[in-house]
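The values are calculated or read from the model by the stated rules, or taken from the named source; none is laboratory data. All values reported here derive from a predicted model rather than from experimental measurement. As a convention, Cβ positions derive from the backbone with ideal geometry for all residues, glycine included, and neighbour counts pool all protein chains shown.
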Amino acid sequence: MATSFLSIEQLTQRYPDGKGGEFTVFENASFGIEKGEFVCILGHSGCGKSTIMNILAGLAEPTSGVVKMDGRHVSGPSLDRGVVFQNYSLLPWLTALKNVTFGVSARFPGWSKAKVIEHSTAFLAKVGLTGDAIHRKPSQLSGGMRQRVSIARAFANEPKLLLLDEPFGALDALTRGTIQDELIKVWSDTDQTVFMITHDIDEAILLADRILLMTNGPMAQVAESVEITIPRPRVRNDIVEHPNYYAIRNHLVHFLAQRSAELSGQEPTVNQHPKPVRIVMTEEPEGEDPEPAPRLRAVEG
Amino acid sequence: MGTLSENKRAALLSVLLLVVGCLIWELSIPAQKAAGELTEYELLTGAGQPKAGVPPPSQVLAKAWEQLSNPFYDAGPNDKGIGIQIGYSIYRVLAGYLLAALIAIPLGFLIGMSSVAYKALNPFIQVLRPISPLAWMPLALFVIQDSEASAIFVIFICSIWPMLINTAFGVAGVREDWVNVARTHELGALKTAFTVILPAAAPTIVTGMRISIGIAWLVIVAAEMLVGGTGIGYYVWNEWNNLDLTSVIFSILMIGIVGMLLDSMFGLLQRTVAYTE
Ligand SMILES: Nc1ncnc2c1ncn2[C@@H]1O[C@H](COP(=O)(O)OP(=O)(O)OP(=O)(O)O)[C@@H](O)[C@H]1O
Ligand SMILES: [Mg+2]
């Protein structure tokens, strides 16, 4: 196996179950993420997605296993790994701009104050925040605006790896859509490696190069790695026309609705890697049949 | 009337209550005869001496005018202006209070950050906290041998607890997400303490400071009654010994007003550090 930019090797997490014993959230999970890739992870609530992310962020230690980035062990948090937390985690006593400069001045301690502000303002503008909104405190911003600030803070730091924990979980569908578009825009501008947790299948298809599927916990596994065979740039309204779209979507829905439960609790093999799945609807000229017959071909290996 | 804002109506009502209250007070006190109207017999039996009755508000007002028009005169140990007396009290309160803050806030940080420190110190705090500050007075006088320093010590000991407990509570309650923000930005311990934990805990800390200053102002009056010499507490007691009830009532009012000012200063501070999540 060629080593990836980010490689997760035999990660195991156990917690005390409160009755004197232990329960295993996941065991021997291994997968890799390439540089510049946008990877989403899908799985039911409680399967351990946040746990994996906290380990990648260095905020938590796994029971066993290692995470390597650029060939180096990850231990403890670092400015190389930026995090967008599920609940925004903005500092409520600072304005939107100061929340971003807070990060930028930690990342680039040598920069002048003016440069820090300029850089931060630019990133806030990238996510659509300009004018006097950036001088307001988080409590005076809408949920969507807060999440924009949080995304700007993470991107402005230009980390090698960006970790997003259900960044749009608390937003309404419309806001979600706009911020997803902004996220794509910032990401394609910066070419960052992104690892994102989500509950939303359509969001994952829109954003990701690859989707990792987790089975239900306890003893969850990262069972499959589904490549999103839809070319970029992707536009929300157009991708549903792509022949691969529904095939991929059906595969994901089927996994989450049925197979994630069937596969759960199985003893994982040592150094288990997710099964790569590549769905391509052949012989179908692009954009003709919005809901093709499931003549999909899963390429294994 | 209906067009006035709520605040204005409330202010009008306050003034009305004050005026009515003073009028009732004024009218319920039998007027004392002026000295000229007294018979010789009455003068001989001492009826001309000011009686130790409750004075009417008009007299208190006159006293206030007299005192406040020259608050800083100093005519010997038993006759100083109200400004000087209050100044002494404020000095003692601030000295004791600042010493307490200097110890309580860093210690509170420590207790809030480390559960071992919390558990180790908690029994001491629980025993020492309910002790009336004045109960320390004899011991303080004996050990320190100086009434001034003893009064400051008593202020110190009574104002330390709310600050200590609130600081510990505020620091321990800082949301883990915010600490994680500091961690993912690789902030050092000191930087985290000042840029994340302190602002996050500031509202709770300042609430503790506000409670402390209130208690300190309550206690200084009692402490000065005990140690004597100077200060507003001593002044009240001294005027009581002189049977000058007008001065007693006037100084009670002054104690209230200074207490209110101290409190509103911290109220202001509280508003500047407040944040909504
Ligand atoms: N500190 C902890 N102590 C004990 N158990 C924990 C701890 N943290 C997480 N768990 C357990 O680990 C499992 C995975 O939790 P995690 O938060 O990673 O789930 P998740 O996949 O992110 O779920 P969601 O989609 O709801 O956010 C859950 O069963 C949870 O109860
Ligand atoms: Mg989660």
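Can you pull out the residues in the stretch B:198-231 that are farther than 20 Å from B:Trp161 by Cα and within 14 Å of another protein chain (Cβ to nearest Cβ)?
Residues satisfying the conditions are B:Pro199, B:Ala200.
Given the residues A:Thr193, A:Thr198, which is the only one that is buried (at least 16 other Cβ atoms within 10 Å of the Cβ), on the phi < 0 side of the Ramachandran plot, within 16 Å of ligand 1 (Cβ to nearest atom) and polar (S, T, N, Q)?
A:Thr198
Might you let me know whether the stretch A:224-235 holds any residue that is modelled with pLDDT of 80 or more, farther than 24 Å from A:Leu163 by Cα and either not basic (Lys, Arg) or not assigned by TED's automatic domain parsing to the domain that holds A:Thr12 (or both)?
No, that holds for no residue.
Out of the residues in the stretch B:173-194 that are surrounded by fewer than 18 Cβ atoms within 10 Å (Cβ to Cβ) and assigned to a helix (DSSP H, G or I), which is nearest to the other protein chains (Cβ to nearest Cβ)?
B:Asp177
Among the residues of the stretch A:71-94, is there at least one that is more than 16 Å from ligand 2 (Cβ to nearest atom), crowded, with 22+ Cβ neighbours inside 10 Å, touching a residue at least 40 places away in the same chain (Cβ under 8 Å) and among the basic types (Lys, Arg)?
For the stretch A:71-94, residues more than 16 Å from ligand 2 (Cβ to nearest atom), crowded, with 22+ Cβ neighbours inside 10 Å, touching a residue at least 40 places away in the same chain (Cβ under 8 Å) and among the basic types (Lys, Arg): present.
Tell me, which residue of the stretch A:148-168 that is within 16 Å of ligand 1 (Cβ to nearest atom) and of a type outside the set (A, V, I, L, M) is farthest from A:Val39 (Cα to Cα)?
Across the stretch A:148-168, the extreme among qualifying residues is A:Phe168.
Tell me, which residue of the stretch A:128-141 that is within 14 Å of chain B (Cβ to nearest Cβ) and touching a Ser or Thr at 6+ places or on another chain (Cβ under 8 Å) is surrounded by the most Cβ atoms within 10 Å (Cβ to Cβ)?
A:Lys137
Scanning for something of a type in the set (D, E, K, R) and not in a loop (DSSP other than H, G, I, E, B), does the stretch B:238-259 turn up at least one residue?
yes
Among A:Glu37, A:Glu27, A:Glu22, which is away from ligand 2 (no atom under 16 Å from the Cβ) and farther than 15 Å from A:Met219 by Cα?
Every option except A:Glu37 fails the conditions.
Run down A:Ala114, A:Ala122 and say which single residue is modelled with pLDDT under 95, in a helix (DSSP H, G or I), more than 16 Å from ligand 2 (Cβ to nearest atom) and not aromatic (Phe, Trp, Tyr).
It is A:Ala122.
Could you name every one of the strands (runs of 3 or more DSSP E) located completely within the stretch A:32-103 that has at least 1 residues being within 11 Å of ligand 1 (Cβ to nearest atom)?
Filter on the stretch A:32-103 gives A:38-42.
Please go through the stretch A:67-98 and give me each residue that is more than 20 Å from A:Gln147 (Cβ to Cβ) and within 11 Å of chain B (Cβ to nearest Cβ), ordered by number.
Listed by number, the residues that qualify are A:Gly76, A:Pro77, A:Ser78, A:Leu79, A:Asp80.
With A:Ser64, A:Ser45 as the choices, which residue is surrounded by fewer than 17 Cβ atoms within 10 Å (Cβ to Cβ), within 16 Å of ligand 2 (Cβ to nearest atom) and either at the interface with chain B (Cβ under 10 Å from one of its Cβ atoms) or of a type in the set (S, T, N, Q) (or both)?
After ruling out the rest, the residue left standing is A:Ser45.
With respect to A:Gly169, is the statement that it is within 16 Å of the chain's Cα centre (by Cα), surrounded by fewer than 20 Cβ atoms within 10 Å (Cβ to Cβ) and in a loop (DSSP other than H, G, I, E, B) true?
yes
Which of the residues belonging to the stretch B:223-248 are among the aliphatic types (A, V, I, L, M) and either farther than 23 Å from B:Lys63 by Cβ or over 17 Å from the mean Cα position of the chain (by Cα) (or both)?
B:Ala223, B:Leu226, B:Val227, B:Leu243, B:Leu245, B:Val248 - these are the residues of the stretch B:223-248 that are among the aliphatic types (A, V, I, L, M) and either farther than 23 Å from B:Lys63 by Cβ or over 17 Å from the mean Cα position of the chain (by Cα) (or both).
Go through the stretch A:99-127 residue by residue and tally those that are more than 10 Å from every other protein chain (Cβ to nearest Cβ) and either within 24 Å of the chain's Cα centre (by Cα) or surrounded by 19 or more Cβ atoms within 10 Å (Cβ to Cβ) (or both).
Final tally of qualifying residues: 11.
Considering only residues that are away from ligand 1 (no atom under 12 Å from the Cβ) and in contact (Cβ under 8 Å) with a residue 24 or more places away in the chain, which ones fall in the stretch A:12-28?
Matches in the stretch A:12-28: A:Thr12, A:Glu27, A:Asn28.
Looking for whichever is more than 30 Å from A:Leu94 (Cβ to Cβ) and either within 14 Å of another protein chain (Cβ to nearest Cβ) or modelled with pLDDT under 95 (or both) here; the options are B:Glu239, B:Glu277. Which one fits?
Result: B:Glu239 is the single residue among B:Glu239, B:Glu277 that is more than 30 Å from A:Leu94 (Cβ to Cβ) and either within 14 Å of another protein chain (Cβ to nearest Cβ) or modelled with pLDDT under 95 (or both).
Among the candidates B:Ala151, B:Ala135, B:Ala168, single out the residue that is away from chain A (no Cβ under 14 Å), surrounded by 20 or more Cβ atoms within 10 Å (Cβ to Cβ) and over 26 Å from A:Leu94 (Cα atoms).
B:Ala151
Is it the case that some residue within the stretch A:152-165 is more than 16 Å from ligand 2 (Cβ to nearest atom), in a strand (DSSP E or B), touching a helix residue (DSSP H, G or I) at 6+ places or on another chain (Cβ under 6 Å) and more than 23 Å from B:Lys191 (Cα to Cα)?
Looking for residues that are more than 16 Å from ligand 2 (Cβ to nearest atom), in a strand (DSSP E or B), touching a helix residue (DSSP H, G or I) at 6+ places or on another chain (Cβ under 6 Å) and more than 23 Å from B:Lys191 (Cα to Cα), one finds at least one in the stretch A:152-165, hence yes.
Can you pull out every residue in the stretch A:168-177 that is at pLDDT 85 or above and within 19 Å of A:Ala125 (Cβ to Cβ)?
Result: no residue meets the conditions.
Name the pairs: first residue in the stretch B:69-89 and farther than 13 Å from B:Ser251 by Cβ and charged (D, E, K, R), second residue part of a strand (DSSP E or B) and at pLDDT below 90, Cβ to Cβ under 7 Å, at least 6 apart or on different chains?
Hits for this filter: B:Asp74/B:Lys80.
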